[in-house]
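Presented below is the structure to which this report refers.
The values are calculated or read from the model by the stated rules, or taken from the named source; none is laboratory data. These numbers were taken from a predicted model, which means no experiment stands behind them. Cβ atoms come from the backbone with ideal geometry, glycine included; neighbour counts cover every protein chain shown.
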Amino acid sequence: MRRLSIAVISALILMDNIGTLGPAVIALNVIMLTIGYQSAKLLGLEVIRATTVSIESGIQNATVGITVGGLLLAAEDGGLSTLSLPSGVYGVLMYLVIAPFMYWRINSVVA
């Protein structure tokens, strides 16, 4: 029951902040995917490895942000800092952004 309540609270927080944070975190994710892919290609990595670098570049930002927000800037009540909120939204939206990228990469490798 506790997990369900945490999931519901998280969903409510996400819905309250998606309009404000959504465009910025989607832009950040797309930029990081692009930088990761292009930098790997510039370094001469093959396409499959460049795709891996790109995905890693786009996904690990949420974890780093939540860690920094939670450990270094902890709230007084012991919970997560409000500065962790963008990372939480990023953590949810990154999968929606990365899905078309993965579809594109899988189809281009198969073709």
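Filter the stretch 13-33 down to the residues that are out of contact with any helix residue (DSSP H, G or I) (no Cβ under 8 Å at 6 or more places or on another chain) and not acidic (Asp, Glu) and list them by number.
Met15, Gly19, Thr20, Pro23, Ala27, Ile31
Look at Leu93 and say whether it is at pLDDT 80 or above and part of a helix (DSSP H, G or I). Even if it seems obvious, please write down each step before you answer.
On the way: at pLDDT 80 or above: yes; part of a helix (DSSP H, G or I): yes.
For Leu93, the condition - at pLDDT 80 or above and part of a helix (DSSP H, G or I) - is met.
Taking the criterion of being surrounded by 12 or more Cβ atoms within 10 Å (Cβ to Cβ), out of contact with any helix residue (DSSP H, G or I) (no Cβ under 7 Å at 6 or more places or on another chain) and more than 20 Å from Phe101 (Cα to Cα), would at least one residue in the stretch 1-12 satisfy it?
Scanning the stretch 1-12, I find at least one residue that is surrounded by 12 or more Cβ atoms within 10 Å (Cβ to Cβ), out of contact with any helix residue (DSSP H, G or I) (no Cβ under 7 Å at 6 or more places or on another chain) and more than 20 Å from Phe101 (Cα to Cα), so the answer is yes.
Would you confirm, using the coordinates I've provided, whether Leu85 is over 23 Å from Ala40 (Cβ atoms), buried (at least 19 other Cβ atoms within 10 Å of the Cβ) and either at pLDDT below 85 or among the aromatic types (Phe, Trp, Tyr) (or both)?
Working: over 23 Å from Ala40 (Cβ atoms): yes; buried (at least 19 other Cβ atoms within 10 Å of the Cβ): yes; either at pLDDT below 85 or among the aromatic types (Phe, Trp, Tyr) (or both): yes.
Yes, satisfied.
I'd like the full set of residues that are in a helix (DSSP H, G or I), surrounded by 13 or more Cβ atoms within 10 Å (Cβ to Cβ) and out of contact with any helix residue (DSSP H, G or I) (no Cβ under 6 Å at 6 or more places or on another chain), limited to the stretch 35-46.
Narrowing the stretch 35-46 to residues in a helix (DSSP H, G or I): 35-42.
Checking the rest, the ones that are also surrounded by 13 or more Cβ atoms within 10 Å (Cβ to Cβ) come to 35-41.
Ile35, Gln38, Ser39 - these are the residues of the stretch 35-46 that are in a helix (DSSP H, G or I), surrounded by 13 or more Cβ atoms within 10 Å (Cβ to Cβ) and out of contact with any helix residue (DSSP H, G or I) (no Cβ under 6 Å at 6 or more places or on another chain).
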